[in-house]
Amino acid sequence: MRTLNYSNLSIATIATALVATLLLIASFLFNKESFFLLLNQDQGKVADFFFSAITRFGEVLPWVVALALVLMFRRDFIWLLIACFIISTLFVQGLKNILPEQPRPTKAITNTYQIHTVPGVELYKVHSFPSGHTATAFTVFFIACLAISGRWIVSSGFIYASLVGFSRIYLAEHFPRDIAGGMLIAVVTIYIGLMICKKKMETIKE
């Protein structure tokens with residue numbers, strides 16, 4: 001691969017790990033239900049619309065956009081993108097299915113009237129930990145940090161990924177600790193992906 005911007009990636013992953021740690025600590029101190037309810041409060045119809053839209057940028061869409069951009073401008077990133085997609089998916093789906101049943105907010109909280117929900121958003125009941133949307137958003141963000149030299153990508157990308165993560169709480173799909181889990185999975189994913197690509201390049205040179 002051509003020049004990789006490890007400086008951007010380092011700042012991004014440190015900030016992400018720090019925020020994830022704070023979310024885990026707060027979830028422990030306040031208990032996950034109380035912390036969730038604090039962040040899940042109704043912010044009005046504009047917020048309902050916005051977070052219903054931004055949450056889609058944690059699904060397949062960012063991978064498709066990233067693939068299109070890589071094919072157009074940075075084909076040397078194709079193997080990293082593929083590796084990260086596979087690693088992230090394995091981590092998220094593996095944990096969701098290996099861990100004991102992890103109820104989502106609308107199943108875990110008895111008094112559901114306390115929960116703010118958005119009309120039209122399908123609410124899931126189980127497989128709460130970790131948040132796959134968050135893992136996707138932050139992994140794509142990290143790849144962008146490596147590919148783009150400008151420091152602006154760190155701040156703007158972090159805002160994008162954080163909004164996707166928060167949308168999962170606002171839409172009553174996940175607890176804050178699930179978001180933290182997705183963020184940490186993204187950190188692990190990008191570095192494992194880089195190691196795999198480095199090994200692949202070394203093998204090709206030999």
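Each row is one residue, and each column tells you yes or no for (1) of a type in the set (A, V, I, L, M); (2) more than 17 Å from VAL154 (Cα to Cα); (3) in contact (Cβ under 8 Å) with a residue 60 or more places away in the chain.
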| site | (1), (2), (3) |
| --- | --- |
| LEU4 | yes, no, yes |
| THR16 | no, no, yes |
| SER27 | no, yes, yes |
| ASN31 | no, yes, no |
| PHE35 | no, yes, yes |
| ASN40 | no, yes, yes |
| PHE51 | no, yes, yes |
| LEU67 | yes, yes, no |
| LEU71 | yes, yes, no |
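Taken together, the criteria exclude VAL126 from residues that are touching a Leu at 6+ places or on another chain (Cβ under 8 Å), in contact (Cβ under 8 Å) with a residue 24 or more places away in the chain, in a loop (DSSP other than H, G, I, E, B) and of a type in the set (A, V, I, L, M).
Residue-wise test of (1) more than 11 Å from the chain's Cα centre (by Cα); (2) of a type in the set (A, V, I, L, M, F, W, C).
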residue	(1), (2)
PHE138	no, yes
ARG151	yes, no
GLY165	no, no
TYR170	yes, no
VAL187	no, yes
ILE190	yes, yes
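Scanning the stretch 66-75 for residues that are surrounded by 15 or more Cβ atoms within 10 Å (Cβ to Cβ) and of a type outside the set (Val, Ile, Thr), which turns out farthest from ASP42 (Cα to Cα)? That would be ARG74.
Filter the stretch 97-122 for residues that are farther than 28 Å from PHE49 by Cβ and assigned to a helix (DSSP H, G or I) and give the result.
Matches in the stretch 97-122: ASN97, ILE98.
Among the residues of the stretch 61-106, none is identified as farther than 16 Å from LEU194 by Cα, touching a Lys or Arg at 6+ places or on another chain (Cβ under 6 Å) and modelled with pLDDT under 95.
Filter the stretch 146-204 down to the residues that are surrounded by 20 or more Cβ atoms within 10 Å (Cβ to Cβ) and of a type in the set (D, E, K, R) and list them by number. Across the stretch 146-204, the qualifying residues are ARG168, GLU173, ARG177, ASP178. Count of the stretch 161-184 residues, restricted to those that are closer than 17 Å to GLN102 by Cα and assigned to a helix (DSSP H, G or I), is 9.
Within the stretch 86-118, being of a type outside the set (S, T, N, Q), surrounded by fewer than 20 Cβ atoms within 10 Å (Cβ to Cβ) and touching a residue at least 12 places away in the same chain (Cβ under 8 Å) holds for LEU95, LYS96, LEU99, GLU101, PRO103, LYS107, ALA108, ILE115, HIS116, VAL118.
The values are calculated or read from the model by the stated rules, or taken from the named source; none is laboratory data. As the structure is a prediction and not an experimental result, all values here were calculated from the model. Note that we place each Cβ from the backbone using ideal geometry, even for glycine, and neighbour counts take in every protein chain shown.
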